[in-house]
Every structure is written in structure tokens, then in C-alpha cells.
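A short write-up of the structure that comes next.
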Amino acid sequence: MRSAVADRAKSVAPVSGRPFLSYVLDHLACSGRVSRFILCTGHQAVTIRSALGIVYAGIPVAYSEEAHPLGTGGALRQATAQFALSRQFLVLNGDTILRLRVGALIDFHRAQEADLTLALSYAKSAERFGTVSLKGERITSFAVRGSTTRGWINGGMYVFSPRAAKALLDMPEKFSIENDFFPAQIASMRFAGYRSRAAFLDIGTPEDYQKAASLLRRK
């Protein structure tokens, strides 16, 4: 992506004249289930603040800025200082979008009495992502990238229970939520998988970034 967008953070790469992350926040705001955004920022953080400000779609926006790279898990661990760990919360990647019904995901998480729920998207070519194994609605294991050709993949949207949130505090300062936290916790926590056939987009490669405009025009 650096070759396609060199002057700003990837999450605010322009798509049809708007920062990509604005589509993600719009999707959340329209759900009626979100009361505050907290954005984890690092590389070129100022470009994200400039693009989104401190209120977006009538919802307050706060920032948790890394002084040095912390990984996806470390960034989330740092951000938890800004809210009470006694409440469930949503976590999303800033460079992907899965257009599922947010309220349905949250309701599913509660019905499953899960510690952590992952929104899953089906991929016919899953080598870039890695897949999850399921027993009913429960996630039982994670496959490494490149090991499978198709299946249910991590859609980059999670619901954390207070128990899962507090487990973040036992992790080191720098870690990956996908590679370090999830595999370490799956034996002791209930992980649920919410399967969704909604449109999914990851702008992690220049090729997929070029597809973004056509996909995001669809409602």
C-alpha cells in the first residue's frame, strides 16, 4: 500500500474523495449501537486526526496514539485505559470493512454468552488471511496464513466482553491480537464465530485498494 498511498495513514487513504475510515465509521454510526469512537493511531497519526476530527457523525472521537509501534494487540491494550473494562465493546481494523448488521453481531455475542466474538467472512481464496475452525458457533482453532485455500476468515470486527478485555492487561506491551492473543486465550475462553456473507473489503494491497471505490458505492 505504501506505493499507492505515501502521504497519509493507510486507514485514511482516499476512496471516491473520502478517507476509507469514514466509510467504516459511517457503518457503525448508522447502527445506533455506538456511543464513542476511540481510534488507535501510530504512523502518520496527524493525518487521521486531520481527516476525522473529534466528533464524527455526532459521535465523540478520542485518540490513543502510540509513541512507538505496539502491534495490533498492544495498541488495543493501551486504548483500554480510556474506557471502563466493565462493559463490552467493539473492536475493528482500520483498513477493512465488513458490512454486516452491527446490532445482529452484538445480539449474537450476548446470546452465545461469549467472552469474545469474531465476525467471520467466507473467502474462496483465504491464503492471505488464514481461516478459523468451528464447532457449531464456537471457534475451536485458528489456521496460519497460507495453510488453507478457502473457508471462514477473520473479518476484522470483534466484540470483547469484560473478561476478554481484562485479559489484554496480562499481555506484554507489544503484541499481535491475531497471532499472539487469540491463540493464547482460545483454550480458556469461549470464542464465538458470527458467520456473515456481507460484503468484505481489505485494502491491504494496491489491487484491493483499487477495487474499494466500486464496492463502497454499493449500499
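Phi angles across region 108-113 convert, under the Karplus curve 6.51 cos²θ - 1.76 cosθ + 1.60 with θ = phi - 60°, into 3J(HN,Hα) values of 4, 4, 5, 5, 7, 6 Hz, Gly and Pro given as x.
Packing here is the average count of other Cβ atoms within 10 Å per residue, and on that basis the peptides 84-93, 185-194, 59-68, highest first, run 185-194, 84-93, 59-68.
Taking trypsin sites (Lys or Arg not before Pro) across region 16-56, the ones in a DSSP loop with at most 11 further Cβ atoms lying within 10 angstrom of their Cβ are 36.
Derived scalar couplings between HN and Hα for region 183-199 equal x, 6, 9, 5, 6, 10, 10, 8, 9, 9, x, 9, 6, 9, 9, 5, 4 Hz in order, rounded to whole Hz, by the Karplus curve 6.51 cos²θ - 1.76 cosθ + 1.60 (θ = phi - 60°), x for Gly and Pro.
Indicate, rounded to the nearest 5 percent, the antiparallel portion of the DSSP beta bridges found entirely in region 10-216. List each step's numbers first, then the result.
Values: 24 of 35 bridges.
Antiparallel bridges: around 70 percent, rounded to the nearest 5.
Among the trypsin sites (Lys or Arg not before Pro) in region 105-146, those placed in a DSSP loop whose Cβ has at most 15 other Cβ atoms within 10 Å are 124, 128, 145. Taking 7 Å steps out from each Cα toward its Cβ at residue 101 and residue 45 produces label points 3.8 nm apart. Sparsely packed loop sites in region 103-190 (the GluC sites (Glu not before Pro) outside DSSP H, G, I, E and B with at most 15 other Cβ atoms within 10 Å) comprise 113, 127, 173. Judged by the gyration tensor of its Cα atoms, with axes a ≥ b ≥ c, region 25-96 is oblate; a/c meets the 1.5 cut and b/c is at least as large as a/b. With a ≥ b ≥ c the root eigenvalues of the C-alpha gyration tensor of region 101-189, is it rounded (a/c under 1.5), prolate (a/b larger than b/c) or oblate? It comes out oblate by the Cα gyration axes.
Estimate the FRET efficiency between residue 26 and residue 184 by the formula 1/(1 + (r/R0)^6), using the beta-carbon distance for r and 41 Å for R0, to the nearest 0.05. Between residue 26 and residue 184 the formula returns 0.75. Among 169, 105, 120, the largest mean-square fluctuation in a Gaussian network model of the chain (Cα springs under 10 Å) belongs to 169. Phi angles of region 21-33 translate, via the Karplus equation with coefficients 6.51, -1.76, 1.60 and θ = phi - 60°, into HN-Hα couplings of 4, 5, 5, 5, 5, 4, 4, 5, 4, 5, 6, x, 10 Hz per residue; Gly and Pro are given as x. Computed extension gain for residue 122 through residue 18, at 0.36 nm per residue and net of the alpha carbon distance, reaches 34.7 nm. Spread over its residues, the convex hull of the C-alpha atoms of the chain is 124 Å³ per residue.
Taken together, the values in this text are just the output of simple stated rules run on the coordinates, not laboratory data. Worth saying up front: this structure is predicted, and the values here are computed from it rather than measured. So basically every Cβ, Gly included, is an ideal-geometry build from the backbone, and we count neighbours across all protein chains shown.
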